[in-house]
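K.L.:
Take this structure first; my questions come after.
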Amino acid sequence: MTQTTPHPRHPGAEKRRYKRLPILSRLVRPVMITLPGLKKPVPGIVGDLSAGGLAINTFVEMPVGRELELNIDLGVFRAEGVAGRVVRLVRRGGAFQIGIEFTRLDRQLADRINLLAENFDACELRWVRSADEICLSDCTYHPFCTKSVKKNF
């Protein structure tokens with residue numbers, strides 16, 4: 001699994017271990033969050049996803065350090081009982097953006113998430129560089145791509 005690493009001379013460089021996948025309109029689905037002490041799961045919408053964690057937008061405040069369990073269904077990924085810990089909380093009006101670090105995630109699912117994020121980055125790079133071939137049918141991101149050039153493939 002490829003990991004992103006910061007460049008020592010570029011302080012603004014990526015510091016995360018894994019590439020992030022922005023969740024675009026075709027992948028937006030609610031994630032159910034189970035919190036100790038609550039009878040009903042709390043819904044949230046994924047903002048971005050990586051093999052190391054995800055950002056969720058929700059209306060329920062969750063303090064940093066709180067342990068939780070997630071049921072994730074993004075169509076391409078379905079996982080129940082994923083464990084995580086809140087590592088960031090940002091208030092956005094009446095809602096919250098919560099950064100969650102995975103503490104338990106199936107290795108095969110982590111690999112699939114990472115491959116999808118890598119293919120998304122490669123697709124964006126081909127798009128920016130106006131490559132001859134932008135959309136590749138064997139790309140794991142291909143089913144979610146909404147670029148106009150895709151209709152030619």
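Readers should treat all values here as calculations from the given coordinates under stated rules, not as data from a laboratory. Being a predicted model, the structure only gives us computed values, none of them experimental. Cβ coordinates were reconstructed from backbone atoms using ideal geometry, including for glycine residues, and neighbour counts include every protein chain displayed.
K.L.:
Please state the shape class of the stretch 76-118: rounded when a/c is under 1.5, otherwise prolate if a/b exceeds b/c and oblate if not, all from the C-alpha gyration tensor.
P.N.:
prolate
K.L.:
Arranged from highest to lowest average of other beta-carbon atoms within 10 Å per residue, in what order do the peptides 110-120, 55-65, 35-45 appear?
P.N.:
Listed from highest to lowest mean packing, they are 110-120, 55-65, 35-45.
K.L.:
Then there is this: Return a whole-number percent for the relative contact order of the stretch 31-139, with Cα pairs under 8 Å and 6 or more residues apart as the contact set.
P.N.:
22 percent
K.L.:
Ok, one more. Could you list which residues have their amide H under 5 Å from that of residue 103, counting only those 5 or more apart in sequence or on another chain, with H placed in the peptide plane?
P.N.:
For residue 103, whose amide H was placed from the backbone, the distant partners under 5 Å are 83, 84, 85.
K.L.:
Taking amide H positions as placed 1.01 Å from N in the peptide plane, with prolines and chain starts having none, which residues 5 or more places from residue 89, or on another chain, fall under 5 Å of its amide H?
P.N.:
Residues meeting the amide H criterion: 99.
K.L.:
How large is ³J(HN,Hα), in whole Hz, for each residue of the stretch 47-56 in order, when computed from phi with the Karplus curve 6.51 cos²θ - 1.76 cosθ + 1.60 and θ = phi - 60°, using x for Gly and Pro?
P.N.:
For the stretch 47-56, the Karplus curve yields x, 8, 9, 9, 5, x, x, 7, 10, 10 Hz.
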